[in-house]
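K.L.:
Here it is: the structure, laid out below.
The values are calculated or read from the model by the stated rules, or taken from the named source; none is laboratory data. Remember, it's a predicted structure, so these values are computed and weren't measured experimentally. Here the Cβ is made from the backbone with ideal geometry for all residues, glycine too, and neighbour counts use every protein chain on show. Accessible surface areas use protein heavy atoms only, side chains included; no ligands, DNA or RNA. Shrake-Rupley method; radii C 1.70, N 1.55, O 1.52, S 1.80 Å.
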Amino acid sequence: MRLLLFALFLLPVLACKQASAGQKSVTLFQDGARVEQELPASGGYLELPLPDGFTPGSLRVKAPGGTVLRVELVPAEQDRRRSGELARLRERRGELQDRMAALTRREEIFSAAAKSQSGKAPRKTKANPDPVVTLQQGTEFALNQMEAVYRSKRKCRLALDAVERELTAASKGVASARIWVTGGKARVSYVVGNVSWSPSYDLRFSGDGVSELLLHAKLPQREKGVQYQVGRGTTAKPGAVETVRGEFPVLARYPLATVAAAGTDPPERFAFAPVEAGLPAGEAALYWKGEYLGSAPFSGGGSTGFSLGR
């Protein structure tokens with residue numbers, strides 16, 4: 001009986017491991033990314049963990065050589081993987097709330113002590129020959145303690161706010177998908193909204209009229225063993241895509257017809273014929289005769305000039 005219960009517990013875990021072992025490709029757009037993966041379905045079942053940036057309604061499932069029988073989306077609150085993290089965050093929140101309550105009580109005590117010290121009438125005695133200094137020292141001590149409490153409360157409040165944000169993020173949305181198919185594998189795809197590529201440019205001026213504009217795709221951190229593609233469209237209207245390698249691939253090169261260069265040597269302001277329409281805005285690096293001079297925003301398609309803005 002114990003072996004049976006252990007096997008039933010282990011089955012979903014193995015399914016999760018299998019779901020992370022398939023071939024995977026990511027197509028990056030400027031407004032998000034589409035993830036595609038082919039996964040083994042042991043016994044016709046698998047569990048697919050979904051990332052935090054998963055876009056609701058974007059999941060698609062096929063069963064090559066078979067049929068998709070059922071797909072069940074598991075909310076974050078009901079997901080086994082998330083339950084441990086949520087419990088940890090709630091415990092941490094409780095600890096911080098207790099800490100905040102204790103600090104508030106300390107603040108009240110030292111505030112009352114400071115008022116008591118400042119309200120006392122100085123009375124000279126044999127044990128206290130200089131009562132004014134004694135009262136000042138007592139008041140300063142209470143105020144210093146209050147200042148320390150304020151600093152601690154500020155740090156505690158920041159930590160509590162951070163935990164609240166983590167809790168909100170961890171408990172929202174869909175955490176995983178349970179998939180039943182006939183056949184031994186499933187092909188899934190979905191969109192994430194928190195991963196994308198960013199346009200970045202090189203403006204290379206040679207000084208002899210031969211100039212070039214390079215469009216790079218600045219990619220997020222790459223996952224090992226995953227094929228990456230870049231599309232200039234959107235997740236809704238992908239358009240043509242191309243496979244890229246490295247973290248800063250060149251997507252296109254355009255000749256630049258330089259009209260004028262101004263400023264000190266080397267120049268920092270350039271005028272040129274309008275660049276190709278449709279290029280997105282982004283950061284641009286300026287090169288003069290092979291030397292890097294700096295970076296500045298570039299407005300993209302239709303631009304007729306660039307300046308470092310010094």
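K.L.:
Does segment 133-278 come out rounded, prolate or oblate, given a ≥ b ≥ c as the square roots of the eigenvalues of its C-alpha gyration tensor, rounded meaning a/c under 1.5 and, failing that, prolate meaning a/b above b/c?
P.N.:
Cα axes put segment 133-278 in the oblate bin.
K.L.:
Oh, and also: If we count every other residue with Cβ under 14 angstrom of Ala186's Cβ, Lys/Arg +1 and Asp/Glu -1, where does the sum land?
P.N.:
So the environment of Ala186 carries a net charge of +3.
K.L.:
Considering only protein heavy atoms and a 1.4 Å probe, what is the carbon-and-sulfur percentage of the accessible area of segment 206-310?
P.N.:
The computed percentage sits at 51.
K.L.:
Carbon and sulfur atoms: what percent of the 1.4 Å accessible area of segment 27-78 do they account for?
P.N.:
49
K.L.:
Can you list the aspartates and glutamates whose alpha carbon sits under 16 Å from that of Lys237, skipping same-chain ones fewer than 8 residues off?
P.N.:
Within reach: Asp31.
K.L.:
Counting only residues 5 or more places away or on other chains, whose amide H sits under 5 Å from the amide H of Ser176 once H atoms are built in the peptide plane?
P.N.:
Correct list: Leu50, Val74.
K.L.:
Pop the C-beta distance of Ile109 and Glu223 into the FRET formula with R0 = 41 Å and round what comes out to the nearest 0.05. List each step's numbers first, then the result.
P.N.:
On the way: r = 53 Å, r/R0 = 1.29.
After rounding, the FRET efficiency stands at 0.20.
K.L.:
Thinking of segment 249-293 as a set of Cα atoms, what percent of all their pairs are more than 15 Å apart?
P.N.:
56
K.L.:
In what sequence, highest mean first, do 40-49, 151-160 appear when ranked by Cβ atoms within 10 angstrom?
P.N.:
Highest-to-lowest ranking by the protection proxy: 40-49, 151-160.
K.L.:
Long-range amide H contacts for Gly300: which residues qualify at under 5 Å (H placed 1.01 Å from N, peptide plane, sequence gap of 5 or more or a different chain)?
P.N.:
Gly282
K.L.:
Per residue of segment 236-243, in order, report the coupling 6.51 cos²θ - 1.76 cosθ + 1.60 (Karplus, θ = phi - 60°) as ³J(HN,Hα) in whole Hz, putting x for Gly and Pro.
P.N.:
Calculated HN-Hα couplings, in order: 7, 10, x, x, 6, 10, 9, 6 Hz.
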